[in-house]
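Undergrad: Here you go, one structure.
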Number of protein chains: 4
Amino acid sequence: MGTIRGLQPDDWDDWRALWGGYLAFYRAELADATTRATFDRLCSGMDGLFGLLALDDAGGGIGLANCVVHATTWSRRPKCYLEDLFVSPAARGHDVGRRLLEAVKQAATERGAPVVYWHTQQYNGRARSLYDVVGRPTSFVVYEM
Amino acid sequence: MGTIRGLQPDDWDDWRALWGGYLAFYRAELADATTRATFDRLCSGMDGLFGLLALDDAGGGIGLANCVVHATTWSRRPKCYLEDLFVSPAARGHDVGRRLLEAVKQAATERGAPVVYWHTQQYNGRARSLYDVVGRPTSFVVYEM
Amino acid sequence: MGTIRGLQPDDWDDWRALWGGYLAFYRAELADATTRATFDRLCSGMDGLFGLLALDDAGGGIGLANCVVHATTWSRRPKCYLEDLFVSPAARGHDVGRRLLEAVKQAATERGAPVVYWHTQQYNGRARSLYDVVGRPTSFVVYEM
Amino acid sequence: MGTIRGLQPDDWDDWRALWGGYLAFYRAELADATTRATFDRLCSGMDGLFGLLALDDAGGGIGLANCVVHATTWSRRPKCYLEDLFVSPAARGHDVGRRLLEAVKQAATERGAPVVYWHTQQYNGRARSLYDVVGRPTSFVVYEM
């Protein structure tokens, strides 16, 4: 595998394709304007967002991580919500996901956020077998209203 | 029960007592300076934080809700993370928790955040029996690193 | 403990009180007309409904079980959905719940339904510790739309 | 994809093949007489049963949904139990499952049942990733005796 680096405006085509695969995984649809606005904020760092992109040896995008750094009531330092993580199906099995998670941790630390957290479907065995190694499960489940 | 309203600087004593009970529930300790900084931000709205306080008929604090409005990659509108919710043990059984949740939903909506989410221990039956009615469970669990 | 028997029209007052406690447990509200119609159907056996009532030694109602016998695609015989089970808080710890479950099983068998099933909150430890003994857990969770 | 419509007596061969695949998924065996009786009831609407069939462009059966409309103690209107849902492996990935679920919802509504519910194995990630989008998870698990 090649490298992992911060998302840049020139990455639009690669990022858009990965984002589309990610949305399809969740059977979700999103307005193009929202996708574009998210990409712009991930590149610029606006609203606490930042994005990482994993590249193969040829420089093509094979994975993404989208993060939101936000305040918390438990600390004067912010924490980092890893909102989206995706590796292209063709690139799986080569530790791209693990390296993205480690890069998120480092990037969050650089931004003053000592804790990274994320949500995953309780039944997503494939993802959780990685998360259990790189991170740690909690006893928390997520509610919405 | 009395009212629910936004947290104000004069509420420090009441809020501090409730926050202490909440931390004890999670067997957590927090530096006083952090607690004070969190209170100040909850009152001022800085960093997207806001706090609600439930008062009994005599005007004493009986419940708190601490929230963080933050950006999300899935929408151009922010979402609201209900980070802390606590009702004084003596005040339980009178719908204070439900009314706090409903007030959070309204306050989030007013701040442009159409979705409120929160975390709860999967085995916290008392809390979840309320959350199942006011909100909706998801299939997501929480990881950290 | 006294006896368990089929619900009768004269049981309205006792049943109504238990049903109210049960609804409160789920923080639910139901129109009176619905409650009355359910009671009438549970007594008459209409629409496959039947009800059981547990009585203490003095003949007062201390527990209820409401069931629906309905067809299934897996058998030519119907199955029995135990939709509601409730024991008065004051009467707990005396095997009323277990005896109600056993009586439901017998009543279902008499109605030609060899299988009884029910739903419970995954986090309801108190109830599940009984269900694990009298019945058997499955790997199934419940979805709605 | 072609259409989704109510099950008809002429669909026996198609339905039988899908039902066989469904039973194999659950490693279950069923007497032929039971299967035939279920099919007949799904076509005729007897005992509250109804069936839907998904067809490909050539008119071949690629998916089934078997439902039971039954009474409930919580409402004077019945609810709809989606007991069986199956899409032919060769037809997966084309939204047949989602369309069947939506058609079940519509058919249930037409029969006066405003709520559809179903059971799924807690670890069936493939199915649940769809159910999480079309429906909503609950906190309930299933017991039997």
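The values are calculated or read from the model by the stated rules, or taken from the named source; none is laboratory data. Bear in mind that the values here come from a model prediction, so they are computed numbers and not experimental data. We place every Cβ from the backbone using ideal geometry, glycine too, and count neighbours over all the protein chains shown. These accessible areas exclude ligands, DNA and RNA; they are computed on the full protein's heavy atoms, side chains included. Shrake-Rupley method; radii C 1.70, N 1.55, O 1.52, S 1.80 Å.
Undergrad: B:Asp11 is checked against (1) within 13 Å of A:Thr73 (Cα to Cα); (2) away from chain A (no Cβ under 14 Å) and fails just one. What number does that condition carry?
TA: Result: B:Asp11 fails condition (1) only.
Undergrad: Any residue that is assigned to a helix (DSSP H, G or I), modelled with pLDDT under 95 and closer than 13 Å to A:Asp84 by Cα - is there at least one of those in region A:25-39?
TA: yes
Undergrad: Kindly list, by first and then second residue, each pair from a residue in region A:12-37 that is surrounded by fewer than 13 Cβ atoms within 10 Å (Cβ to Cβ) to a residue that is part of a loop (DSSP other than H, G, I, E, B), limited to pairs with Cβ atoms under 9 Å and residues at least 6 apart or on different chains.
TA: Partner pairs satisfying both residue conditions: A:Ala28/B:Trp74.
Undergrad: Which strands (runs of 3 or more DSSP E) does region C:49-145 wholly contain that include 3 or more residues that are charged (D, E, K, R) and within 25 Å of D:Thr35 (Cα to Cα)?
TA: Output list reads C:75-87.
Undergrad: Now for a separate question. Just give me the residues in region B:100-121 being of a type in the set (Gly, Ala, Ser) and in contact with a Gly (Cβ under 8 Å, 6 or more places away or on another chain), in sequence order.
TA: Across region B:100-121, the qualifying residue is only B:Ala107.
Undergrad: Looking at region C:131-142, can you tell me whether even one residue there is hydroxyl-bearing (Ser, Thr, Tyr), open to solvent by 30 Å² or more (accessible area, probe 1.4 Å) and within 11 Å of chain D (Cβ to nearest Cβ)?
TA: yes
Undergrad: Same structure, new question: Which one of D:Thr3, D:Thr38, D:Thr34 is among the β-branched types (Val, Ile, Thr) and either touching a helix residue (DSSP H, G or I) at 6+ places or on another chain (Cβ under 9 Å) or within 20 Å of D:Pro114 (Cβ to Cβ) (or both)?
TA: The unique qualifying residue is D:Thr38.
Undergrad: Which one is least open to solvent (accessible area, probe 1.4 Å) among residues in region C:109-130 that are closer than 16 Å to C:Val87 by Cα and among the basic types (Lys, Arg)?
TA: Among those that are closer than 16 Å to C:Val87 by Cα and among the basic types (Lys, Arg), it is C:Arg128.
Undergrad: Also, I was wondering about something else. Which is out of contact with any Cys (no Cβ under 8 Å at 6 or more places or on another chain) and either modelled with pLDDT under 95 or farther than 22 Å from A:Gly48 by Cα (or both), of B:Pro78, B:Pro114, B:Pro137?
TA: B:Pro137
Undergrad: Any chance you could count how many residues in region D:44-58 are open to solvent by less than 40 Å² (accessible area, probe 1.4 Å) and more than 12 Å from chain C (Cβ to nearest Cβ)?
TA: Summing the residues that are open to solvent by less than 40 Å² (accessible area, probe 1.4 Å) and more than 12 Å from chain C (Cβ to nearest Cβ) in region D:44-58 gives 4.
Undergrad: Let me ask another. For region B:62-101, name all the residues that are surrounded by fewer than 19 Cβ atoms within 10 Å (Cβ to Cβ), in contact with a helix residue (DSSP H, G or I) (Cβ under 7 Å, 6 or more places away or on another chain) and not hydroxyl-bearing (Ser, Thr, Tyr).
TA: B:Arg76, B:Arg98
Undergrad: Out of the residues in region A:92-118 that are in contact (Cβ under 8 Å) with a residue 60 or more places away in the chain and in contact with a strand residue (DSSP E or B) (Cβ under 8 Å, 6 or more places away or on another chain), which is farthest from the other protein chains (Cβ to nearest Cβ)?
TA: The residue in question is A:Val96.
Undergrad: Contact list please: Cβ distance under 8 Å, first residue in region A:62-81 and in contact (Cβ under 8 Å) with a residue 60 or more places away in the chain, second residue of a type in the set (S, T, N, Q) and open to solvent by 10 Å² or more (accessible area, probe 1.4 Å), pairs at least six apart or on different chains.
TA: A:Ile62/A:Ser88
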